[in-house]
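The block underneath contains the structure these notes are about, expressed in structure tokens.
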Amino acid sequence: MNDIIKNKLKLLPEKPGCYMMKNNDGLIIYVGKAKILKNRVKSYFTGSHNAKTTLLVSEICDFEFIMTNSNLEAYLLEINLIKKHRPKYNIDLMDDKTYPYILLTKEDNPRLLVVRNTKIKGDLFGPYPNVTAARKTVDLLNSLYPFRKCNKIGKKECLYYHINNCLAPCIKEVNKDEYSEYIKKTKSFLNGDTSFALNELKTKMDNYSKELQFEKATECRDLINSINETTERQKISINDNVDRDVFNYYNDDKNICIYTLFMRQGRIVQNDCIVLELIDEPLEMFVNYLIEFYDKSLKPKEIMLPVEIEDLASLLDIKIFVPKIGEKKQIIDMAYDNAKNTLLTKDELYKSKLERSINALNELAILLNIHYPRRIEMFDNSNTFGSYAVSAMVVYIDGKKEPSEYRKYKVEFDGIDDYQTTREIIYRRYYRVLMEDLERPNLIIMDGGKGHMDAVLSVTNDLNLDIPVIGLKKNRHHKTDRIIYNDKEYPISGALYQLLSNMQEEVHRFAITFHRNLRAKGMFESKLDNIKGLGEKSIRKLIDEFKTIENIENASIEDFERIGLKRFYNDVMNALKNK
């Protein structure tokens with residue numbers, strides 16, 4: 001603990017507020033809240049802590065605090081500060097996944113979709129922690145009821161109409177009463193009552209069997225089985241038909257597991273859990289998780305919690321119930337038992353995977369005599385004989401992918417010189433890092449040999465950036481087996497080899513996908529450029545509609561008519577044939 005921190009600790013007030021921990025570069029690395037700032041902040045610098053909190057404290061070189069008038073204001077301020085500064089030790093909780101929902105759109109001719117954006121107009125059902133289950137449910141309902149499938153209503157019926165899976169609003173006016181009945185049954189189904197669908201299918205199956213239409217009878221039977229699998233009834237229920245979410249948690253000295261039971265119409269229909277490294281007080285992390293959860297998820301009528309939490313109901317604007325006895329208390333206890341079991345079993349795999357990555361990075365730091373590379377930025381180039389040249393950057397933090405930090409670059413000159421491509425992209429990336437004061441990586445990896453490394457270093461040296469740079473060298477079997485650093489080669493194996501190989505595959509996948517998309521788009525546009533009267537907006541309409549050359553070659557004149565480009569049909573087809 002340095003003198004700055006010692007002096008500031010003496011001045012801390014005994015009031016609620018938020019504190020911001022800073023590292024040596026002045027970056028905010030953690031944001032927390034406290035009922036009494038003096039007690040909470042002092043606790044970081046006294047006594048023993050778990051490994052994660054010890055690591056956090058070791059990086060703290062300074063801190064700031066903001067007093068608030070109440071604990072509720074501290075909660076709100078903490079949320080805003082985390083969103084603004086994105087501190088690295090808050091990142092796991094802040095960036096937790098958003099859940100998928102099933103959306104019945106509010107349109108004259110509605111559709112059933114799987115979405116994550118809860119602000120779309122329509123009726124939302126869920127959440128579905130398992131996106132596969134959500135998609136399977138939508139597919140099932142689309143098989144039962146003929147909702148519209150296409151994004152935009154065209155001028156010609158599609159295949160779904162001919163197989164009785166769409167009412168074809170594109171060619172006829174749909175009976176609103178008929179749609180209303182389908183909507184009513186679908187809502188009932190998604191709320192847990194599958195009796196309508198099952199009874200209809202059983203009747204159809206019996207009729208098809210009597211008429212000796214065994215293939216159709218089999219289809220009905222399969223749908224019945226699918227419904228039973230998708231909407232398996234839970235034994236535990238509460239006879240009040242209330243939608244509620246049930247939360248509980250369990251923690252040891254290293255981690256916390258937060259377990260959720262989703263109850264709809266009084267029945268448990270889904271469950272989910274998350275395991276996080278313990279950084280703050282367990283109850284504080286639990287509360288922060290709930291706040292972040294409902295920032296991204298729909299609010300039910302009620303949530304059940306294991307303990308009373310001051311001001312939380314006002315903050316979330318949800319009714320909170322803390323059961324003490326009865327069947328609701330049994331469900332709270334069940335969530336606790338599941339959280340405990342998850343942390344003691346499944347978490348062993350989670351921790352071992354995380355530990356393998358961190359151990360591999362520690363091994364890399366020792367091998368190269370560099371600081372622990374918490375943030376790694378890795379680059380790869382791709383082109384076709386110099387054309388459609390691109391580069392891609394992926395980011396790993398503590399050995400975990402951070403897709404929100406990935407970046408794609410179109411090369412601004414002839415990309416046949418791969419080293420020049422590297423110099424251009426590295427300059428563009430790190431000039432922006434300097435100008436916008438972005439977080440700098442602890443290590444740069446170039447998917448290439450010494451020439452690529454030298455290209456990177458020539459730029460970082462010019463920008464006065466002191467960041468280690470390594471290259472990856474392949475053996476005669478075209479497998480990476482060594483690192484190049486400071487003109488020396490270091491063989492790699494085991495966990496470090498696996499981690500770097502995974503990174504290499506990821507950056508290559510990201511780069512080649514971008515390159516292929518750009519090349520397909522370029523080839524598509526180039527063949528259409530010389531068609532008289534076909535302007536940029538029309539070309540864009542074709543690209544958005546058909547995506548690939550193969551799709552446009554297989555398009556009919558009716559498809560062109562649907563998007564208002566019928567007069568160009570023959571010209572486009574002739575242009576594509578002359579390739």
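Please verify whether Ile29 is in contact with a Lys or Arg (Cβ under 6 Å, 6 or more places away or on another chain), within 23 Å of Glu292 (Cβ to Cβ) and modelled with pLDDT of 90 or more, treating the condition exactly as stated. Yes, satisfied. Are any of the residues in the stretch 458-476 at positive phi, in a loop (DSSP other than H, G, I, E, B) and at pLDDT below 90? Within the stretch 458-476 (the criterion being at positive phi, in a loop (DSSP other than H, G, I, E, B) and at pLDDT below 90), the answer is no, since none of the residues qualifies.
Of everything listed in (1) crowded, with 20+ Cβ neighbours inside 10 Å; (2) modelled with pLDDT under 80, the single unmet condition for Asn248 is (2). The residue of the stretch 477-499 that is surrounded by the most Cβ atoms within 10 Å (Cβ to Cβ), among those that are of a type outside the set (Lys, Arg) and assigned to a strand (DSSP E or B), is Ile483. Here Met205 meets each of (1) surrounded by 13 or more Cβ atoms within 10 Å (Cβ to Cβ); (2) in a loop (DSSP other than H, G, I, E, B) with one exception, condition (2). State which residue is farthest from Tyr289 (Cα to Cα) when the search covers only the stretch 45-62 and only residues that are touching a Leu at 6+ places or on another chain (Cβ under 9 Å) and not charged (D, E, K, R). So, considering only residues that are touching a Leu at 6+ places or on another chain (Cβ under 9 Å) and not charged (D, E, K, R), the one farthest from Tyr289 (Cα to Cα) is Phe45.
Could you list, ordered by first residue, the pairs with Cβ atoms under 6 Å in which the first is in the stretch 361-386 and assigned by TED's automatic domain parsing to the domain that holds Ile470 and the second is among the hydroxyl-bearing types (Ser, Thr, Tyr) and at pLDDT 90 or above, at least 6 apart or interchain? Pairs that qualify, where the first residue is assigned by TED's automatic domain parsing to the domain that holds Ile470 and the partner is among the hydroxyl-bearing types (Ser, Thr, Tyr) and at pLDDT 90 or above, are Ala365/Tyr372; Leu367/Tyr490; Leu368/Tyr485; Ile376/Tyr396.
Residues that are assigned to a helix (DSSP H, G or I) and not basic (Lys, Arg) within the stretch 1-28 comprise Asp3, Ile4, Ile5, Asn7, Leu9, listed in sequence order.
Selection of the stretch 532-556 for residues being out of contact with any Leu (no Cβ under 8 Å at 6 or more places or on another chain), surrounded by 12 or more Cβ atoms within 10 Å (Cβ to Cβ) and at pLDDT 75 or above yields only Ala555.
For the stretch 482-502, a residue qualifies if it is touching a Gly at 6+ places or on another chain (Cβ under 9 Å) and of a type in the set (A, V, I, L, M, F, W, C), and the qualifying residues are Ile483, Ile484, Leu499.
Taking the stretch 382-457 as the region of interest, the strands (runs of 3 or more DSSP E) fully inside it that hold 3 or more residues being at pLDDT below 85 are 387-397.
Set side by side, the residues Ile320, Ile332 differ, and just one is at pLDDT 90 or above, surrounded by 15 or more Cβ atoms within 10 Å (Cβ to Cβ) and in a helix (DSSP H, G or I), which is Ile332.
Filtering the stretch 6-37 to residues that are in contact (Cβ under 8 Å) with a residue 24 or more places away in the chain, more than 35 Å from the chain's Cα centre (by Cα) and surrounded by fewer than 17 Cβ atoms within 10 Å (Cβ to Cβ) leaves Lys8, Leu9, Pro13, Glu14, Lys15. Tally up the residues in the stretch 140-165 that are in contact with a Lys or Arg (Cβ under 6 Å, 6 or more places away or on another chain) and at pLDDT 80 or above, please. The number of residues fulfilling the criteria is 2.
Scanning the stretch 233-287 for residues being farther than 19 Å from Asp333 by Cα, of a type in the set (D, E, K, R) and part of a strand (DSSP E or B) gives a total of 1. If you go through the stretch 291-313 and keep only what is of a type in the set (A, V, I, L, M) and out of contact with any helix residue (DSSP H, G or I) (no Cβ under 7 Å at 6 or more places or on another chain), you end up with Leu298, Ile303, Leu305, Val307, Ala313. Screening Phe196 against (1) closer than 30 Å to Asp243 by Cα; (2) in contact with an Asp or Glu (Cβ under 9 Å, 6 or more places away or on another chain) leaves a single unmet condition, (2).
Checked against the criterion of being more than 22 Å from the chain's Cα centre (by Cα) and farther than 24 Å from Lys187 by Cα, the candidates Val269, Val275, Val307 yield just one match: Val307. You will find that of Ile303, Ile256, the residue that is touching a residue at least 12 places away in the same chain (Cβ under 8 Å) and touching a Lys or Arg at 6+ places or on another chain (Cβ under 9 Å) is Ile303 and no other.
The values are calculated or read from the model by the stated rules, or taken from the named source; none is laboratory data. Predicted model only: the values in this text are computed from it and were never measured. Note that we place each Cβ from the backbone using ideal geometry, even for glycine, and neighbour counts take in every protein chain shown.
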